[in-house]
Amino acid sequence: MNQILPSLFAADIMNLKEECDCLYEEGFDTLHVDMMDGNFVPHIAFGPEQIKSIKKQVKMKLDVHMMVSYPERQIASVLETGAEMISVHYESTPHVRFVIDQIKQHGRKAGVVINPGTDTSLLKPLLNTVDYILIMSINPGRPNQTFIEETIDRIREVKEMIGNRDIQIEVDGGVDEDIARKCIEAGASMIVIGSYLFTDNKAHLKNLKMLEK
Ligand code: DX5
Ligand code: ZN
């Protein structure tokens, strides 16, 4: 089954609770939450304390995307938030396998993320442990950027590399309804959508929901 994950970073900060309740009522099951440290990426967003509060208030599952340098220093706090899914950037630490192991040992779904400039073949040593691979389709750090077209080929490459393993492919950045469809055709099953979903008076919500099947 395919899944659309709304990205909280693109929501109206003054109305987060209402936005999330609305998404839950529309049937969205999992919320994508971006964690940014002002170092790995220039901006700062949702830290573990805020994610803990979000987890208490929001009925959806949480998919935490850690855009932080040295995630091994923060993984314990992120696990404490209760998030069901946590992903960590390949580029953010020499100890990516260690962080993934921590996530798995706590019974959560573990993901590895690659930036647009990172070779997909680097994922090979992690294929026997991760639950999902997040392929960035923009350079991470802020919403509302243009989708990088080469991502479609990268999804195909990763899909082939995965073979018959039970690993989902997630895509994040610059995705609208048409692009979501292309990503799904190429082999992705988890599609993160920020600005496109939170603009236009949510007229897009229902159409996006239809892609989940
Ligand atoms: C950006 C974040 C994304 C972002 C997506 O680095 O990881 O989750 O919020 O927003 P859009 O869909 O607007 O690119
Ligand atoms: Zn993200």
For this session: Can you run down the residue pairs with Cβ atoms below 6 Å, 6 or more apart or on separate chains, where the first is in the range 4-19 and within 16 Å of ligand 2 (Cβ to nearest atom) and the partner is part of a helix (DSSP H, G or I) and open to solvent by less than 10 Å² (accessible area, probe 1.4 Å)?
Result: 4/208; 6/23; 6/197
For this session: Counting only residues that are closer than 22 Å to residue 140 by Cβ and open to solvent by 60 Å² or more (accessible area, probe 1.4 Å), give me the strands (runs of 3 or more DSSP E) lying completely in the range 1-109 with at least 3 of them.
Result: none
Seminar exercise, completed: Counted residues in the range 115-144 being away from ligand 1 (no atom under 14 Å from the Cβ) and basic (Lys, Arg) come to 1
Seminar exercise, completed: Of 126, 208, 197, the only residue that is closer than 30 Å to residue 94 by Cα and either out of contact with any Leu (no Cβ under 6 Å at 6 or more places or on another chain) or surrounded by 16 or more Cβ atoms within 10 Å (Cβ to Cβ) (or both) is 126
For this session: Quickly run through the range 171-189 and pick out the residues that are in a helix (DSSP H, G or I) and not basic (Lys, Arg).
Result: 177, 178, 179, 180, 183, 184, 185, 186
For this session: Kindly indicate whether residue 98 is in contact with an Asp or Glu (Cβ under 8 Å, 6 or more places away or on another chain) and aromatic (Phe, Trp, Tyr).
Result: yes
Problem set entry | Inter-residue pairs, beta-carbon under 7 Å, first more than 11 Å from residue 5 (Cβ to Cβ) and open to solvent by less than 10 Å² (accessible area, probe 1.4 Å) and in the range 164-175, second in a loop (DSSP other than H, G, I, E, B) and within 15 Å of ligand 2 (Cβ to nearest atom), 6+ apart | 169/188; 173/137; 173/138; 173/145; 173/147
Exercise. Does any residue in the range 28-53 that is over 20 Å from residue 170 (Cβ atoms) come within less than 9 Å, Cβ to Cβ, of a residue that is within 10 Å of ligand 2 (Cβ to nearest atom) and part of a helix (DSSP H, G or I) six or more places away or on a different chain, and which pairs are these?
Worked result: 43/9
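The values are calculated or read from the model by the stated rules, or taken from the named source; none is laboratory data. Only a predicted model underlies this, so the values are computations on that prediction, with no experimental measurement involved. Heads up, the Cβs are rebuilt from the backbone with ideal geometry, glycines too, and the neighbour counts pull from every protein chain shown. Heads up: the accessible areas ignore ligands, DNA and RNA and are worked out on the full protein's heavy atoms, side chains in. Shrake-Rupley method; radii C 1.70, N 1.55, O 1.52, S 1.80 Å.
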